[in-house]
Amino acid sequence: LAGGSVSGLGVSCADAAGPCSKAYDYGTVVTLAATPTAGYTFTGWSTDCTGTGNCVVTMTAARTVKATFAIKTYLVTASAPTGGSIASGEGTPLISCGATCSATVDHGTSMTFTATPTTGYTFVGWTGNCSGTGTCTLAITSAVTIGAVFQIQTKTLTVSGPSAANLANGTITGTGIACTTNCTYSYDYGTSVTLTANPATGYSFGAWTGCDSSSGATCTVAMTGTKTVTATFVINTYGLSVNVPSNGSIASGESPTPKIS
């Protein structure tokens, strides 16, 4: 009688107590009722009774009656999350969502759920039958649905020039960014940021530092962490040639050291 009890005219067989018996006078009509315990269902009679209603036997001979109970089962469902996974159990977990997002379990089963963010994400909390931000343990007594919310991390990109104050003689433009002085922008984890150095009139682009890759005035940064990129610009220089006349001289600048004399 595991999972329930049987009672009737002068008889009471308790849950898990095993078979019981009682003697009745010839011709006595005995009505028996099957009562499942919490978390079980009555599935039917067998031997001298059938069906799922009350069992009625007339005692014109020895009778044997068997009641069968089955434990209830419930569907546990995890919503497939973005940015992480949900698992319950060790070794071969009942739920490992991504891949396996539901399982059928017996009444009273204790399940502990763990949310694991993928790289670049942070677990921010449960939804459904779980709550909070730690592991979630549930005694399964009904159908359960849970979800986990993961938030993508943001990473900071600082663009600077050779001095603490500004880019000095140029600007930087790119993915969501335009810097004429030192500036800081935030990007979602993993964003690929392309920067272009734009020299001011009379200057040329010099060099990058802090890029993951660069080609000329273009710099590419993968935002998998906090990054700092520096661009330098150099002033252009030009050659000046002077044709000196045979009967005079040309000078540029003042004494004592003119640039041209």
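How many percent of the accessible area of the stretch 19-91 is carbon or sulfur, using a 1.4 Å probe?
Details: 2160 of 4250 Å².
After summing per-atom areas, the C and S share lands at 51 percent.
Which label marks the calculated value of log10 I(q)/I(0) by the Debye sum over Cα atoms at q = 0.10 Å⁻¹, given the options [x] -0.59; [y] -0.78; [z] -0.46?
[y]
Could you tell me what percent of the accessible area of the stretch 176-217 is made up of carbon and sulfur, with a 1.4 Å probe and every protein chain present?
Within the stretch 176-217, the accessible surface is 47 percent carbon and sulfur.
What accessible area per residue, rounded to a whole number of Å², is obtained for the stretch 96-190 using a probe radius of 1.4 Å? Please list the in-between numbers first.
Values: 4600 Å² over 95 residues.
Result: 48 Å² of accessible area for each residue.
Stretch residue 181-residue 24 to full length: gain in nm at 0.36 nm per residue minus the Cα-Cα span?
Working: separation 157, 0.36 × 157 = 56.52 nm, distance 10.17 nm.
That pair, residue 181 and residue 24, stretches by 46.4 nm at full extension.
Label residue 145 and residue 68 with points 7 Å out from Cα along Cα→Cβ: what is the distance between them in nm?
Placing both labels 7 Å beyond Cα along the Cβ direction yields 3.3 nm.
In whole Hz, what ³J(HN,Hα) sequence does the stretch 229-239 give by Karplus (6.51, -1.76, 1.60; θ = phi - 60°), x for Gly and Pro?
After applying 6.51 cos²θ - 1.76 cosθ + 1.60, I find 10, 10, 10, 10, 10, 10, 6, 6, 10, 9, x Hz.
Can you give the relative contact order of the chain as a percent, counting alpha carbon pairs under 8 Å and 6+ residues apart? Could the numbers behind the result be given before it?
Numbers: 591 pairs, mean separation 28.9, N = 261.
That works out to 11 percent.
For an R0 of 41 angstrom, estimate the FRET efficiency from the Cβ-Cβ distance between residue 135 and residue 43 and round to the nearest 0.05. Display every interim value, and only then the final one.
Values: r = 35 Å, r/R0 = 0.87.
Rounded to the nearest 0.05, the efficiency is 0.70.
The values are calculated or read from the model by the stated rules, or taken from the named source; none is laboratory data. The model shown is predicted, which means the values in this text are computed figures rather than measured ones. Don't worry about glycine lacking a Cβ; one is built from the backbone with ideal geometry, like all the others, and counts go over all protein chains shown. When the accessible area is computed, the model is the full protein with side chains, heavy atoms only, and any ligands, DNA or RNA have been set aside. Shrake-Rupley method; radii C 1.70, N 1.55, O 1.52, S 1.80 Å.
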